[in-house]
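The values are calculated or read from the model by the stated rules, or taken from the named source; none is laboratory data. Just so it is clear, the structure is predicted and the values come from calculations on it, not from any experiment. Heads up, the Cβs are rebuilt from the backbone with ideal geometry, glycines too, and the neighbour counts pull from every protein chain shown.
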Amino acid sequence: MKKILLLLLVVIVSQAGFAENDTIIQRIIDIGKANNQTMQHLDVLCNRFGGRLVGSDAYDNAANWAASKFKEWGMEVELDEVGSVPVGFNRGPWFGRMMGEEAMNLHFVTPSYTSGTKGVQRGHVVAEPKTREEFNRMKGRLKGAWVLVTGKSNGFPIDFSAKADLRRDSIIAANEKTVELNRIQKSKNPKNYTPLETSDEPALFYREMREAGILGIVQSAAVPLVALYDRNNIMDMTFDNLPNTPDIKLDEHQFQLVERMVNERRQVFLEFDIRNFFKPGPVKYHNVIGNIRGTKFPDEYVIMGAHLDAYDAGTGGVDDGSGVTPVMEAARLIMAAGGRPERSILVILFAAEEFGLWGSQHWVDANQDKLPRISNMFNRDSGPLAPVSLGVTEDMWHDMEAVCKPLHGINAEFPFELKKREAMDRPAKPWGTDSGPFAVAGVPVMSFGLEDVRGHNFSYREIWHTERDTYNISIPEYQEHAAIVTAVVVYGVANLDKLLSRDGYFK
Ligand SMILES: [Zn+2]
């Protein structure tokens, strides 16, 4: 009899647990529908702070703000120091125009951690010299000129370092040899010789041109414009060796026009005002980690993450504001619903993803002991789309079916589907987002299948790392839905009676 009573008690208690779980989930959905704040978070990130490059005030502001929100919502917070950059960079506005007969505003960007102008700087335009002879012929005219350089911008600046000057010197020397060889061949066999090609290198006489007093260099760039950062030199910059020559990436259509006018030897004047600012470092940067501590298994985890840093020609509305803000809102919904998960839910906003996954790699390296006790790392970094599916293994199916069941009732327009997932190869090297280092370490990194359900014609390629990555590109209904779905699934996984099975996840 005692045994039966005990059994009954166990059943009642565990059902009460289930009922409580269901109530919390329903509350998450209700609050998520009635008062979803995902877009408010995005408004702050993009329009109050702006592009959040590591080393910028905007990044620090965003990190401190996110930490303060986590605290306000009742979570534990940690600013996890990842590293520092020797100098910081803050982007101000930028303007440019062509003067004279073809007067127009110029459409351009400059990579981060490159020089601004010294106020408004107007100058004539020349095409860069490609041989020593050409350089000598025009060196007097380089002073005060904007120089058109060859090649197509890939978003990175021309390398201004002494090391790059040496490389260019060797190209100049090799080209001179080629020209000499061609001359000999031609004199031997003037009718039947094929000249060898010299190699083209943008800003080949960069050091010499700077010494001659150019205002800056201008390179052709495809639209939409991409501006990255000075990857080669950022870690060696000091306040005494900052870059001092503006590196302008100009809309290719305008570049073509300017180039044609220069070739016709017409008078072309360009005027630029570029406010690229530096700050003395070292500037530390941090992952922002919010913890909803588990009531029963505080040392077991479910992680949801996204990267807080963003390029600053745009304001990181999509990459990765569209990941950060639903994840933040999911945490807020869980807290507002009174959620007390059995396992800990870690919300990690990663630093320096754009510099090469520095924040996520740092976390994985520093938390090796936790890695076997993570059910899944949910990362969101591929656009403001609606989560509509999740691929799960055979071994997880039963658990995940129960976890995802409430998703069917959220929004008839966005049905949710569980899919069978085949075992994947465990990657040897991380792929290009923060789930990469986790997967390399053997942590499951299921992420939601995303769709542009309503047909907004969203293209990630068009936005990614470009000037167009701003707040207004985001799609509110998908973003808000993503917050609810993420909250429901993460909370559900955190409350399973065990860690998710890893069997069959990796081959
Ligand atoms: Zn990204």
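Just to verify a result, which residue in the stretch 468-488, among those that are outside any helix (DSSP H, G or I) and within 16 Å of the ligand (Cβ to nearest atom), is surrounded by the fewest Cβ atoms within 10 Å (Cβ to Cβ)?
Applying the first criterion (outside any helix (DSSP H, G or I)) to the stretch 468-488 yields 468-470, 474-475.
So of that shortlist, the ones also within 16 Å of the ligand (Cβ to nearest atom) come out as 468-470, 474.
Details: Arg468: 18, Asp469: 28, Thr470: 20, Ser474: 23.
Restricting to residues being outside any helix (DSSP H, G or I) and within 16 Å of the ligand (Cβ to nearest atom), the top hit is Arg468.
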Legend entry - Failed criterion for Arg502 (all others in (1) in the same structural domain as Asp43 (by TED's automatic domain parsing); (2) touching a residue at least 40 places away in the same chain (Cβ under 8 Å) hold): (1)
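In the stretch 250-277, what residues are outside any strand (DSSP E or B), buried (at least 21 other Cβ atoms within 10 Å of the Cβ) and under 35 Å from the mean Cα position of the chain (by Cα)? Walk me through it before giving the result.
Start the filter on the stretch 250-277 by keeping residues that are outside any strand (DSSP E or B), which leaves 252-268.
Filter once more, so that each one left must be buried (at least 21 other Cβ atoms within 10 Å of the Cβ): 254-255, 258, 268.
Across the stretch 250-277, the qualifying residues are Gln254, Phe255, Val258.
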Legend entry - Check on Leu181, assigned to a helix (DSSP H, G or I), assigned by TED's automatic domain parsing to the domain that holds Ala212 and modelled with pLDDT under 95: yes
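Which of the residues spanning the stretch 333-368 are in a strand (DSSP E or B) and among the aromatic types (Phe, Trp, Tyr)? Lay out the reasoning, then the answer.
Step one: filter the stretch 333-368 for residues in a strand (DSSP E or B), giving 343-350.
Phe350 - this is the single residue of the stretch 333-368 that is in a strand (DSSP E or B) and among the aromatic types (Phe, Trp, Tyr).
I'd like the full set of residues that are polar (S, T, N, Q), assigned to a loop (DSSP other than H, G, I, E, B) and more than 16 Å from the ligand (Cβ to nearest atom), limited to the stretch 379-429. Write out each step before concluding.
Just the residues of the stretch 379-429 that are polar (S, T, N, Q), to begin with: 379, 382, 389, 393, 411.
Then drop every residue that is not assigned to a loop (DSSP other than H, G, I, E, B), which leaves 382, 393, 411.
Thr393, Asn411 - these are the residues of the stretch 379-429 that are polar (S, T, N, Q), assigned to a loop (DSSP other than H, G, I, E, B) and more than 16 Å from the ligand (Cβ to nearest atom).
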Inset, instruction - From (1) over 30 Å from Met99 (Cα atoms); (2) of a type outside the set (S, T, N, Q); (3) in contact (Cβ under 8 Å) with a residue 60 or more places away in the chain, pick out the condition that doesn't hold for Pro190. - result: (3)
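Could we say that Tyr301 is of a type outside the set (Lys, Arg), within 16 Å of the ligand (Cβ to nearest atom) and at pLDDT 95 or above here? Spell out the reasoning first.
On the way: of a type outside the set (Lys, Arg): yes; within 16 Å of the ligand (Cβ to nearest atom): no; at pLDDT 95 or above: yes.
The answer is no for Tyr301.
Would you check which residues across the stretch 66-91 are in a helix (DSSP H, G or I) and of a type in the set (S, T, N, Q) and list them? Talk me through it step by step, then tell me what you get.
Of the stretch 66-91, the ones in a helix (DSSP H, G or I) are 66-72.
Matches in the stretch 66-91: Ser68 only.
Kindly evaluate Gly314 against the criterion of being in a loop (DSSP other than H, G, I, E, B), closer than 23 Å to Asn47 by Cα and within 15 Å of the ligand (Cβ to nearest atom). Write out each step before concluding.
Working: in a loop (DSSP other than H, G, I, E, B): yes; closer than 23 Å to Asn47 by Cα: yes; within 15 Å of the ligand (Cβ to nearest atom): yes.
Yes.
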Legend entry - Identity of the residue in the stretch 339-355, of a type in the set (Gly, Ala, Ser) and more than 12 Å from the ligand (Cβ to nearest atom), that ends up farthest from the chain's Cα centre (by Cα): Gly339
